């Protein structure tokens, strides 16, 4: 349907939205390049800015921050060997080695171009696959949604930590938190502890800001100030065409891997980058030289981590299930405007959905331009001292949690979850499942109860409907996989 | 791992509480439907099962358990406690004194505690001012500036109310 694209195009290129995307991309690049400030954190503390905007305006800006930050993370990985965001951890080894060889400029340029290519391929995949997936998902009944939410939760638990059990505990705690407040079917208040504020339940945004923003600040306060060595002059940022041609296959493969991994619920750009790095290493004839400054070793993760952005948007837009923690925040931001992501969004607000596709493409193009033009400024940005940044972030955490519903109570919630998040991470409990569980909890509970309402209390519907049964089998395989792996004979 | 055992203990406490609270709920559900108590109870059951696994793993890995030593003299820990205490004070005072004033003071105090120093490479005429005064000036300017920018962007530009 070309007319919807034209309508969406004209919307996005309205000066307001265009400027917001520019601001978002710039903010994202800066925050992403600063070590210790992750993409999730930056989208989280800046989500407050979008409460007063139209849905498309706000979401476009957040997507700008998201894409900019994932790219920005590669900058500090290349220049100082510290990943700016977890998504660029895989870019450190070869990126820094290349810049040590005096190739800082060309490597930065390559990272910008490849992030753009990866991001753009993923947007194309998103725009062509999301609408058909949404059409299929339109036929889902509460039975399928219940299973889908549980399926998402089990993958999230599986990918986000070292231990599946700890991931599950964290995810289920997220489900439990969302039980607080008014019960979705009968309206009975649960777990309010006699507090008026808790009748409305614990909101997702303050918990998320606390667990990702404040927790990170506490960790940074504990760590020593990082030393930044002398950074060489950045020259020759435009990568050579011959390099791109030689890497073409690697790039396309990494982009497809990145999009696919990003589309798995809970597996974000960081895992996408590692998988692509591993694949490039396996396929390379010089896999032993990886880590010493191989172009393949920087091309794969920088392409894949930005490809993860488009991938993560697929389950978020089509099913309402977050692809990673940033898209979880995007779901939260949409819900503030009374919009629920999922197949109905494609039917009821197609202009918004297609507008987001275009905004995302635009964000990729913009960071390419800024990245190539502003390469000389990056070393100065990275040198911003941490002790100036951290207090400012705490203030932004407070402002962001307050702004959602003008409640001081939400600032306390943010603070408490900042501290809980710290202790969870200290004990190796991943925080992401908790936050994603808060998004999935209401989907799981209300759909499960609705499904049983329709079936007259017969739980067999979960086993007899084909899609639901398939998902159930996959959940069981996922949860058993650590044990199954032990049973299989060891390879090699 | 001692962390596992603590977590398992907390989970058991939470599950017990879930059972206790849900048992006080009125019977709203009609035949064949789930009341408000069912979903939390399912979660409680899963928490119990998971805490059993955590305890099992915790005991099994005991050999390589590292003792968590809390060192009060640790600089990082002292910094954290200091910053968090001041943040609590900030959150409590914020609704009464207004955003601009409170935030400026809060930022300035934290900058001093975290030891923000003026950078070295500055224009010549600034270099003549002694370093401590330069740092002080910078702290005042940055904390006022940042509070004002946040205030301007939220309250004036985007019309989002601040505390």
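Miscellaneous remarks
- Projected label points at residue A:284 and residue A:344, each 7 Å from Cα along the beta carbon direction, are separated by 4.9 nanometres.
- Estimated FRET transfer efficiency when R0 is 35 angstrom, pair residue A:252-residue A:426 (beta carbons, to 0.05): 0.30
- Were the residues from residue B:77 through residue B:101 laid out at 0.36 nm apart, the gain over their Cα-Cα distance would be 5.8 nm.
- By the count of other C-beta atoms within 10 Å, a proxy for reagent exposure, A:66, B:17, B:90 are ordered fewest to most as B:17, B:90, A:66.
- Taking the Kirkwood radius as Rh and the Cα radius of gyration as Rg, chain A has a ratio of Rg/Rh equal to 0.96.
- Counting every alpha-carbon pair across the range A:261-326, the share separated by more than 15 Å comes to 50%.
- With contacts taken as Cα pairs under 8 Å and at least 6 residues apart, chain A reaches a relative contact order of 28 percent.
- Over the range A:350-492, relative contact order from alpha-carbon pairs under 8 Å, at least 6 apart, %: 6
- Calculated P(r) of the range A:329-381 - Cα pairs past 14 Å, %: 67
- Residue order, fewest to most surrounding Cβ atoms within 10 angstrom, among A:116, A:18, A:260: A:18, A:260, A:116
- Computed lengthening from residue A:474 to residue A:3, 0.36 nm per intervening residue step minus Cα-Cα distance: 165.6 nm
- Proportion of all alpha-carbon pairs of the range B:75-157 beyond 16 Å (%): 60
- Helix-only mean residue ellipticity at 222 nm for chain A, each DSSP H run of n ≥ 4 adding -39500 (n - 2.57), per residue, nearest 500: -23500 deg cm²/dmol
- Kirkwood-Stokes translational diffusion coefficient of the range A:367-492, alpha-carbon pairs, 20 °C, 1.002 mPa s, µm²/s: 105
- Using the Cβ-Cβ distance between residue B:93 and residue A:222 with R0 = 22 Å, the FRET efficiency computed as 1/(1 + (r/R0)^6) comes to roughly 0.30.
- Between residue B:23 and residue A:136, the FRET efficiency from the beta-carbon distance, with R0 = 41 Å, is close to 0.45.
- The ranking of A:412, A:402 from fewest to most other beta carbons within 10 Å of each one's beta carbon is A:412, A:402.
Here, each number is a calculation from the coordinates, and none is a lab measurement. Small disclaimer: the values here were computed from a predicted structure and weren't measured. Here the Cβ is made from the backbone with ideal geometry for all residues, glycine too, and neighbour counts use every protein chain on show.
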